[in-house]
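One structure below.
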Amino acid sequence: MHEFLLVLVSMAGVAVIGFIAKAITPEIMIEFGLWILAGGLLIGIPSGVWYHVVLYRALRRRMTPPAGWWRAPAKLHAKLTPLEFKPVRPWFVAGAAGFVLCCVGGLAAIAGLSVGQFYP
């Protein structure tokens, strides 16, 4: 169900951004999307890596992290006390913000490219 909702929201996002790309020019929309995507990568990758380091250090004080813990680290947040989770949270939020920027930028670039195919 979550996957269907994700696809539906993505398609709606592409449609809305496509209308915006039609209002401006597809070339500007593509460039805008790629800049947003690059900004998301610039924010998301370093903060995501550091989030994993900080989470590992916090978990290591309490327990040995299970094998493959880094694939779904958010599930391990419940194992930390609020005081232990406090230094982890800002990096978690920054990584999530970078991911959202990547998604928005990618959708904007895709919408610009799609509209560009049919733009006279």
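The values are calculated or read from the model by the stated rules, or taken from the named source; none is laboratory data. Computed from a prediction, not measured in an experiment: that's the story for all the values here. Only protein heavy atoms, including side chains, enter the accessible area calculation; ligands, DNA and RNA are left aside. Shrake-Rupley method; radii C 1.70, N 1.55, O 1.52, S 1.80 Å.
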* To do: Quick one: angle between helix 26-62 and the longest Cα principal axis of the chain, in degrees between 0 and 90, rounded to 10, please.
  => 10 degrees
* **Probe 1.4 Å, protein heavy atoms only - accessible area per residue of the chain in square angstrom** => 69 Å²
